[in-house]
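> Can you keep this structure in mind? I'll have questions shortly.
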Amino acid sequence: MEHGGNIFAAAVAFGGSPEDYLDFSSNVNPLGPPVGVLEKISSALPYLSRYPDPEYRDLCWAVADYLGVKQDWLFPGNGTAELIYLLVCALGLRRVLIVEPTFSEYARAVEAHGGQVKRVFLAAPEFEPRAELIRTQLDGVEALFICHPNNPTGKVWPAEELALLVEETGKRGVLLIVDEAFIDFLTPEEIKSLSAKKFLGRFRHLILLYSLTKFFGLAGLRIGFLIASPEILARLKRVAPPWRVNLLAQLAGVEAVKDHAYQTLTRELVSKEKAFLERELGRLPGFEVLPGQANFLLVRVEGTGKTAGEWTASLARRRILVRDASNFLGLDPYYIRVAVRKREDNLRLLAACKEVGKEYGL
Ligand SMILES: Cc1ncc(COP(=O)(O)O)c(C=O)c1O
């Protein structure tokens, strides 16, 4: 499977119905959407025959306020994934640099539009992002994609490394595209010091990708943003279709970012459960957990003598989905990625892993 969260394909491959699967393969808030979002959506159902606001006014005001960026720097889309394709198309990006292992859609979008991808591979097992590794690779490149925190490693760019990268790409006239789809899982203090948001305005070659689907549990509804200077956004507007964010999603976005209690609860839950999972998974024979800063864990299973594919299939037969991460470029066949969920779910995962381990004679 190309991405996590495909409970539909799992049901076809391993039986049962999609709802039977406990999904650790997509990195979405285990609390589900904020309650206010569900109420808002229910009350809006009688209005489904209306077109949504094609200017996304309320949504952009609310999200601009939440992120502390200017409203006219926001460009909404039907999830960040859509915006990656739109960006590549609108700016005609033909030669890009990608830091692997990372989310596969940057490369797919560029190649789908006839462009070429150059890659830098970060070294296992640390996968530490360093500006030095990248600055030597920028010749002839129009844009650099980085993912922050990175999927699948959970690694964040240290503030000083990111600052170096921003300056270096700016000097060379290379666009810097920073995907912050998972940034909200950091603490507000970490976001303040680490997010590339603080460079917007001063560095106009910077483009941010931001998503409401992960942190706000709205993956099925689809809401993402591209954040860039109005000059860059004007180029996107020329090719973008209208009504990219539907009526329900626009209302949901406004409600979601207002709910501060939900945001705090999410951070508390994920932090506590991540520590729990990290510790307990690390105790399983042959498992090695690689620390990261997002709401998921990259786990090396080589010590079990079985591949990620074998683990994924054995768990799926028990109706538990984890992400076989072996199709991330730069990872060998021994990595799985596990999302942090609520305690009862995490206990089910651990019990299933122990059962599979016994089956494997561990
Ligand atoms: C790093 C990263 N960026 C973007 C996306 C796409 O997010 P969205 O749901 O907003 O399209 C994903 C989805 O897995 C992702 O991992």
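> Label HIS113 and ARG343 with points 7 Å out from Cα along Cα→Cβ: what is the distance between them in nm?
Result for the modelled spin labels: 4.7 nm.
> Which of these, TYR335, TYR47, TYR85, has the largest mean-square fluctuation under a Gaussian network model of the chain (Cα springs below 10 Å)?
TYR47
> If you roll a 1.4 Å probe over the heavy atoms of the protein chains, what accessible area per residue do you get for the stretch 141-270, in Å²?
Details: 4620 Å² over 130 residues.
Dividing the accessible area of the stretch 141-270 by its residue count gives 36 Å².
> Starting from the exponent 0.38 and prefactor 2.2 Å, build the expected Rg for the chain from its residue count and divide its actual Cα Rg by it. Spell out each step's value before the answer.
Details: Rg = 20.3 Å, N = 362, 2.2 N^0.38 = 20.6 Å.
In units of the 2.2 N^0.38 Å rule of thumb, it is 0.98.
> Ignoring ligands, DNA and RNA, what percent of the accessible area of the stretch 278-319 is carbon or sulfur (1.4 Å)?
Details: 730 of 1660 Å².
Roughly 44 percent, rounded to a whole number.
> A follow-up question, please. Probe 1.4 Å, all protein chains in place: accessible area of LYS155 in Å², nearest 10?
Answer for LYS155: close to 40 Å² accessible.
> Per the helix-only calculation at 222 nm, which mean residue ellipticity applies to the chain, given -39500 (n - 2.57) for every DSSP H run of n ≥ 4 and division by its residues, nearest 500 deg cm²/dmol? List each step's numbers first, then the result.
Values: 13 runs with 146 residues, N = 362.
That calculation yields -12500 deg cm²/dmol at 222 nm.
> Okay, moving on. Once both labels are modelled 7 Å past Cα along the beta-carbon direction, what's the SER193-LYS258 spacing in nm?
Simple spin-label model gives 3.3 nm for this pair.
> On the protein heavy atoms, probe 1.4 angstrom, tell me the percent of accessible surface of the stretch 35-258 carried by carbon and sulfur. Can you show the working numbers first?
Values: 4980 of 9330 Å².
Reported share for carbon and sulfur atoms: 53 percent.
> Hey, another quick one. Among DSSP beta bridges whose residues both lie in the chain, state the antiparallel percentage, nearest 5. Spell out each step's value before the answer.
On the way: 18 of 38 bridges.
Approximately 45 percent, going by the DSSP bridge assignments.
> Kindly report, to the nearest 10 Å², the accessible surface of ARG172 as traced by a 1.4 Å probe over protein heavy atoms only.
100
The values are calculated or read from the model by the stated rules, or taken from the named source; none is laboratory data. Source: prediction; values computed, not measured. Don't worry about glycine lacking a Cβ; one is built from the backbone with ideal geometry, like all the others, and counts go over all protein chains shown. The protein model used for the area step is the full one, side chains on, heavy atoms only, and it has no ligands, DNA or RNA in it. Shrake-Rupley method; radii C 1.70, N 1.55, O 1.52, S 1.80 Å.
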